[in-house]
Amino acid sequence: MSADTIELFCLVQGNTVAQAFTLKIDQNKSIGQLKEVIKMKKTPEFNFFAVDQVSLWKVQIQGDSDEKLNKLKLRKEDQLLSMRKISSYFTEKPLEGYIHIIIEPPELPMVPWSDSLESRLCQLYASDNIVDIFWGQNLKEDDATWRIYVVTRNLLRQSEKTEKIGDQVINFIAVEEGFVSAEIPPQNPHDPLPTWKKTPKKLQKAFDEALDNELGLSFRKMHYNLVGMSTGYKRIQGKFTEVPAIILYVRQKGILRRGCVKFPDEIRGYPTDIIEACVATPYGFGASACQSYQENIMLGSSIGIIESQGTSGTLSAVVYDKDSRQIGILSCEHICRLSDSSTGKDVIIYQPSHKDLDNLKESFVEMARVNKTYIKISEEMCNKIEEDKKKSALAYYKRGIQGNFFSKIHEKYFGIDAAFCIFSNINRTLCPNKFSISPEDLKKEKLSEDIYLNDFYEFKEFDDIVDIDVFKVGKATGLTFGKLVPIYSAVSIDLRNKNIEYAKKQGIIPPYNDDDVDKRIFIGYMKTRLVEKINEMRQQCYPTVWFDRQLIFEFKPGDFVPGDSGASVVNKEGKALGILHAAWITENSNYAIASPYFAVFEALDVVKE
């Protein structure tokens, strides 16, 4: 510690001695600069008022009990003035074991509230169309007033964007507002996907290290509007530059959310760039071969469970339990463990999913309704579908992960949305290498008729990838093509969001209902005046899971939709990179997110054939 550095023990008025904290600062700095340091030290508690609203008092109180603290009366002559130097107040070394500074923050603002507002917010919170509700300040209008914002999926079709209840105005925002139609230009299905420039290795290393430090859990809690992070290139006035940057993806730019702070200008020497983004699902089309009942089950085929509301996804790969050597299948955790049970143990996996069989049955019923001459064909096909249902059981759930997994091999966290299910139907056969696409379709798309899944990418192999063409076979859209985007990334998934096809009642997700406990949590989150409690309470209302070090792919709009979750992403030589599990829209493009296979294998303790 240099001769000019002073160590001060500080305490916020109203706190106990045990909550005192220390800071070191150059004593030649001003009291105003000391206030700035204290404000940063008390993030996020002090986020919501200007530093000039903080008052500091010089005291000398023993830090061994609260008794003297409770009797303390602050005197006007002991208040520290912002323009004076710290050294002018502390001419001698502060005594050890004493409190030196009392911090008096301004009074917390009252939260405007009424019974009618509470009733309306509860109604909105229970709606499937509502993505988020929060207090925010509009930075674009330089408005310091805290207002209620409601983010909805269907606002673009509505005319009313505000609703007044008493003295409070509720502002409605579309989840894609600002870029859904303006920033992403329409793309012809025959246009080639863009080639992406790989970011420098120094940036990739800095970002990778920052994920577990500056960009770690505490940073993400302070910025709950953050939905993703990646490496990339900075934009200026909407145009890309050659400046490497760390990209921070947020919901709705220009609104400071209560409980959040402003983003840093740079991280580890690299500038940051704020991009608007959301997780969204484009419309798609079916792929009959993938959705049909298969005696010999191939990769990319439809699977699902029937518990709760049921699921429908894609079979990823065939693997073996590392210890028992039992054969099984991989798919997404959110496809295979969607049940009222918190463990999902022994839940049956069906091929195809009963949802797909029910949809097929409905199509035949509708065909007969429109044209009576098809009644007999419809009845025969419906009976056949019911027969297929009875023998469609394929496997049972063994284990899975949906979230970050710490790899002991690589000593890093990797986001995993994957499950291992034990094969259990001796009357059917698993085809570990073949895709659910006919040779004719493969040839038509300029792939080898004999292409098959022959290997999986290892961790080190990704360092040498610059630009790679890939394909996937998913149960919803069949065979489609994309590109690996050569960036490092981390993505947040909203577990209450229905962008990925799963039901509401998952063990860790509070359901939308009229339950009094659920309501009390939500209202507590909206009414609390204690900023430090907002993030914790919000996580109960709007739970999210972070997925670090994900693979990012660009597909054309409509080429990756909810039922494709679980599809393997494969290069044109048949080598698999990862398991697709989420869709993501940013200002720049539509993306698909995948968990890397090397991390999935370690996390689930499975091996390839």
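The values are calculated or read from the model by the stated rules, or taken from the named source; none is laboratory data. Here the structure is a predicted model, which means the values were calculated and not measured. Don't worry about glycine lacking a Cβ; one is built from the backbone with ideal geometry, like all the others, and counts go over all protein chains shown.
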For the subset of the range 345-389 comprising residues that are of a type outside the set (A, V, I, L, M) and not in a helix (DSSP H, G or I), which member is modelled with the lowest pLDDT? LYS345
Suppose the filter is basic (Lys, Arg), touching a helix residue (DSSP H, G or I) at 6+ places or on another chain (Cβ under 9 Å) and modelled with pLDDT of 95 or more; does LYS408 pass it? yes
Note: among LYS391, LYS443, just one is surrounded by fewer than 18 Cβ atoms within 10 Å (Cβ to Cβ) and without any contact (Cβ under 8 Å) to a residue 12 or more places away in the chain, namely LYS443
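Kindly establish whether LEU193 is in a loop (DSSP other than H, G, I, E, B) and at pLDDT 90 or above.
So LEU193 fails the test.
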Being at pLDDT below 95 and closer than 30 Å to LEU357 by Cα, is that true of even one residue in the range 236-255? no
Every residue from the range 12-51 that is assigned to a loop (DSSP other than H, G, I, E, B) and either in contact with a Lys or Arg (Cβ under 7 Å, 6 or more places away or on another chain) or surrounded by 14 or more Cβ atoms within 10 Å (Cβ to Cβ) (or both): ASN15, ALA20, GLN27, ASN28, LYS29, LYS42, PRO44, GLU45, PHE46, ASN47, PHE48, PHE49
Please state which one of SER565, SER589 is over 20 Å from ASN454 (Cα atoms) and out of contact with any helix residue (DSSP H, G or I) (no Cβ under 9 Å at 6 or more places or on another chain). SER589
Tell me which residues, restricted to the range 406-432, are part of a strand (DSSP E or B), under 28 Å from the mean Cα position of the chain (by Cα), surrounded by fewer than 21 Cβ atoms within 10 Å (Cβ to Cβ) and in contact (Cβ under 8 Å) with a residue 12 or more places away in the chain. SER407, LYS412, TYR413
Matching option when the condition is part of a loop (DSSP other than H, G, I, E, B) and touching a Gly at 6+ places or on another chain (Cβ under 7 Å), among SER127, SER82: SER82
From the options TYR396, TYR374, residue that is more than 25 Å from the chain's Cα centre (by Cα), under 22 Å from SER424 (Cβ atoms) and surrounded by fewer than 21 Cβ atoms within 10 Å (Cβ to Cβ): TYR396
